[in-house]
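Here the structure is laid out as structure tokens; the discussion comes afterwards.
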Amino acid sequence: MFEEFNAVWKKYIQRTAHVVIAVSGGRDSMALLDLILRTRLPHAHLHIVHFNHQLRAASPAEARLVTQFARHHKVGIDIVKLAVTDYCRKHKLNLEAGARTLRYFHLEKFRQRYHASFILTAHHADDQLETRLLNLVRGAFLEGWQG
């Protein structure tokens, strides 16, 4: 898997690319971050964005974990607190949809701020299935099978 990731990384990420990486502190995003750091091109600029959804007691500990990891590896990091429940109430969304909308809104802002060419997020198999089903329900048909 490492070799496959390394080939894709080198093919699509330019040597001088700026990349914003969403890191939750979960296994999937930490694995992505670890892969990126191990295959890091010398002049690629990496920046981590961690979102605290303020929904779980473990959120502050996850923020500390990601911050310590970023500092140890000398990668820039932003921690963003999201008022997910207020946003969901205001826009009549469930927690999952509201949190996702807020994350991608802010990721795009960070992409622009850091002049990043790419935003990277990690998803495990259940996330991919959920995205595909959501796309199909929205009427995306064949394109909906993309994660």
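The values are calculated or read from the model by the stated rules, or taken from the named source; none is laboratory data. The model shown is predicted, which means the values in this text are computed figures rather than measured ones. Positions of Cβ are backbone-derived with ideal geometry, glycine not excepted, and every protein chain shown enters the neighbour counts. Note: accessible area is taken over every heavy atom of the protein model, side chains too, but ligands, DNA and RNA are not part of it. Shrake-Rupley method; radii C 1.70, N 1.55, O 1.52, S 1.80 Å.
Values computed for the structure shown
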| item | result |
| --- | --- |
| Options 29, 24: the member that is in contact with a helix residue (DSSP H, G or I) (Cβ under 8 Å, 6 or more places away or on another chain) and hydroxyl-bearing (Ser, Thr, Tyr) | 24 |
| Residue match in the range 85-96 (condition: in contact with a His (Cβ under 8 Å, 6 or more places away or on another chain) and either aromatic (Phe, Trp, Tyr) or without any contact (Cβ under 8 Å) to a residue 40 or more places away in the chain (or both)) | no |
| Filter result (assigned to a loop (DSSP other than H, G, I, E, B) and buried (at least 16 other Cβ atoms within 10 Å of the Cβ)) within the range 73-83 | 75, 82 |
| Condition check for residue 89: of a type in the set (D, E, K, R) and within 27 Å of residue 39 (Cβ to Cβ) | no |
| Scan of the range 102-116 for residues that are surrounded by fewer than 16 Cβ atoms within 10 Å (Cβ to Cβ) and closer than 12 Å to residue 20 by Cα, ordered by number | 104, 108, 109, 112, 113, 115 |
| Selection within the range 1-23 - open to solvent by less than 20 Å² (accessible area, probe 1.4 Å) and either over 17 Å from the mean Cα position of the chain (by Cα) or modelled with pLDDT of 75 or more (or both) | 17, 19, 20, 21, 22, 23 |
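Each row is one residue, and each column tells you yes or no for (1) within 12 Å of the chain's Cα centre (by Cα); (2) part of a helix (DSSP H, G or I); (3) of a type outside the set (A, V, I, L, M); (4) buried (at least 19 other Cβ atoms within 10 Å of the Cβ).
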position	(1), (2), (3), (4)
29	yes, yes, yes, yes
34	no, yes, yes, no
48	yes, no, no, yes
56	no, no, yes, no
64	no, yes, yes, no
71	no, yes, yes, no
85	no, yes, yes, no
90	no, yes, yes, no
100	yes, yes, yes, no
